[in-house]
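Quick note: the coordinates plus some simple rules give every number you see, no bench work behind them. This one's a predicted model, so the numbers in the text were calculated from it and none came from an experiment. Glycine gets a Cβ as well: all are built from the backbone with ideal geometry, and neighbour counts include every protein chain shown.
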Amino acid sequence: MRIEQGDRIGIGKARDYAKDVTTELELRCPGIARIMVAGSVRRGVELVNSIDLICAVDDEVEILTVIDAFTTLSNTYTVQSHDYSSAKFLDKSGLGFSIKVVRSQSFGGALVHATGSVAHVEKLKEIAADLGSTLSPDGLFDLESGSAIDVRDEQNVFECLGLNFVPPEMREDTGELESAVEHDFPSIISLNDIRGDLHCHTDWSDGRFPMDEMVEAAQSRGLEYLAITDHSPSATVANGLSPDRLNLHNHTVRTIGSASTGIDLLTGTEMDIKPDGSLDYSDEVLSDLDIVIASIHSAMDQDQAIMTNRVISAMQSPHVDVICHLTARLLERRAPVMMDVESVFEAAVLTGTVMEINCSPDRLDLKADHVRRAVELGVIFAINTDSHRTHQFDNLRFGVQTAIRGWVEKKQVVNALTFHELRRFLNLPKSDRYEFMKSRG
């Protein structure tokens, strides 16, 4: 079923548009000291209707220069408002853009104010007021004197408010400020924690680049290992691999892997879960692979009970290591399948199956709310790009943002393991794998 998202756009497009605007602004305004995307884009919200920027200048006279440039950008269509230090406009598609320009010493306060959800910021304002200060779009100020408090970075703001730093993605008023009173969040997953990618495609199936080019692209981005997971036979539109072709595919992966330095390769497949819950390859074929990831690509109109049992049936296979893009949604294009995700997460824990957070900005599946619930139930995750093109390895950041929004910790992510640890994990019976991850934590 096709779905409409109104004026909202996906986080991937939003990031691209924001980059274009900031690049043009910096070229036209050399006096810009710092500029960052704020709002829902910075929090990693999957669909957004505005792109909000916070800009810092060292010289106050530069503020008006930035505002004038912003309201005459190449994509400006209708200027909605502007004053001495802020402006808003719509582009031709109706997407909103806004900017707030402050002095450098107020940048941290302005960025905090512009990043959090409305509810999160309201709570911060209450905390600030209790401490004799005020948080506003212009920064952090002393309540009595009205003078600006020097907070050039967000860390300074949280310190002034007696709080530990809260990652931007978590600023949704879902308990993060209460936790930040006594705890920080050092164990929350970060982009730098991800060591490998366990889901990508090559021109053997529906990828657009040869295997060696995909490997090179992954390595150039600092990944230490990569699973090559082309499609299985039922994915006919994706040129899925027959058992004989998969055997040749495995040989090619091992040949390229033996010649590569600095990156380790795993043989694998993204295998279809058939409508009746059966798998697309025999146990004998699957046993020859380093990793098996499985997903739904057909019969997406099944009712909730059938679809749920279909996935759980696949999880019960000793060969299925990861369930990918669980709900099969495509943002702005296809609604999620009917699924009892709670039962699936419980089955993942019982069977030792990993759940994927798919990084594609077209999917972001699991979504953040599902991730948060899965964390509460003790699920283990893989954060994978599902890359079909070399540049799509850059999408890793979107999956990590989704994981942070769901409060995922590093110890709950299998591709934060070293390659040696990952091999140990995969060589264990599935029933022992969750305990292995707990023992590391």
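At a glance:
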{"item": "Estimated vicinal HN-Hα couplings, Hz - the stretch 104-117 in sequence order (Karplus 6.51, -1.76, 1.60; Gly, Pro = x)", "result": "4, 5, 9, 4, x, x, 5, 5, 4, 5, 8, 8, x, 4"}
{"item": "Karplus-derived 3J(HN,Hα), 6.51/-1.76/1.60, for each residue of the stretch 306-314, Hz, glycine and proline x", "result": "5, 5, 5, 5, 4, 5, 5, 4, 5"}
{"item": "Note, ³J(HN,Hα) from phi for the stretch 72-88, Karplus 6.51, -1.76, 1.60, rounded to Hz, x at Gly and Pro", "result": "10, 5, 5, 9, 6, 10, 10, 7, 8, 6, 6, 9, 4, 10, 8, 7, 9"}
{"item": "The stretch 9-180: translational diffusion in µm²/s, Stokes-Einstein, Kirkwood Rh over Cα pairs, 37 °C, 0.692 mPa s", "result": "201"}
{"item": "Computed over the stretch 191-440: relative contact order in percent, which uses C-alpha pairs under 8 Å that are six or more apart", "result": "19"}
{"item": "Per-q log10 I(q)/I(0), the stretch 301-441, q = 0.11, 0.15, 0.20, 0.22 Å⁻¹ (Debye; single scatterer per alpha-carbon; no solvent)", "result": "-0.38, -0.72, -1.27, -1.48"}
{"item": "Values of log10 I(q)/I(0), in the order q = 0.14, 0.16, 0.18 Å⁻¹, for the stretch 129-287 under a Debye, Cα-only, solvent-free model", "result": "-0.78, -0.89, -1.03"}
{"item": "Anisotropy class of the stretch 1-75 from Cα gyration tensor, a/c 1.5 cut", "result": "prolate"}
{"item": "Counting DSSP beta bridges with both ends in the stretch 1-129, the antiparallel % (nearest 5)", "result": "65"}
{"item": "Residues with amide H under 5 Å from that of R334, placed H, sequence gap 5 or more", "result": "I3"}
{"item": "Neighbour net charge for I51 - beta-carbon separation under 15 angstrom, K R +1, D E -1", "result": "+2"}
{"item": "Sorted by Cβ neighbour density within 10 Å, fewest at the top, the residues M214, M437", "result": "M437, M214"}
{"item": "Rounded, prolate or oblate (a/c below 1.5 giving rounded, otherwise prolate when a/b exceeds b/c) for the stretch 63-114 by Cα gyration tensor", "result": "prolate"}
{"item": "Percent antiparallel among DSSP beta bridges (both partners in the chain, rounded to 5)", "result": "45"}
{"item": "Built amide H within the under 5 Å cut-off of D206, gap 5+", "result": "H231"}
{"item": "Relative contact order (%) - criterion: Cα under 8 Å, at least six apart; region: the chain", "result": "13"}
{"item": "Least to most buried among S190, S220, S234, S147 (fewest other Cβ within 10 Å first)", "result": "S147, S220, S190, S234"}
{"item": "The stretch 191-440: radius of gyration over Cα atoms, expressed as a fraction of 2.2 N^0.38 Å", "result": "0.91"}
{"item": "Built amide H within the under 5 Å cut-off of I51, gap 5+", "result": "G96, F97, S98"}
{"item": "Reach of K430 by Cα under 30 Å, taken over lysines that are not fewer than 8 positions away in the same chain", "result": "K274, K367, K410, K411, K438"}
{"item": "For the chain, alpha-carbon Rg relative to the globular expectation (2.2 N^0.38 Å, N residues)", "result": "1.07"}
{"item": "Percentage relative contact order, the stretch 9-180, counting C-alpha pairs under 8 Å, at least six apart", "result": "18"}
{"item": "Residue exposure sequence - R333, R397 - by fewest surrounding Cβ within 10 Å", "result": "R333, R397"}
{"item": "Low-density loop cleavage sites - GluC sites (Glu not before Pro) in the stretch 89-144, where at most 14 other Cβ are within 10 Å (DSSP)", "result": "E144"}
{"item": "log₁₀ of I(q)/I(0) at q = 0.14, 0.20 Å⁻¹ - the stretch 182-253, Debye sum with one point per alpha carbon", "result": "-0.52, -0.84"}
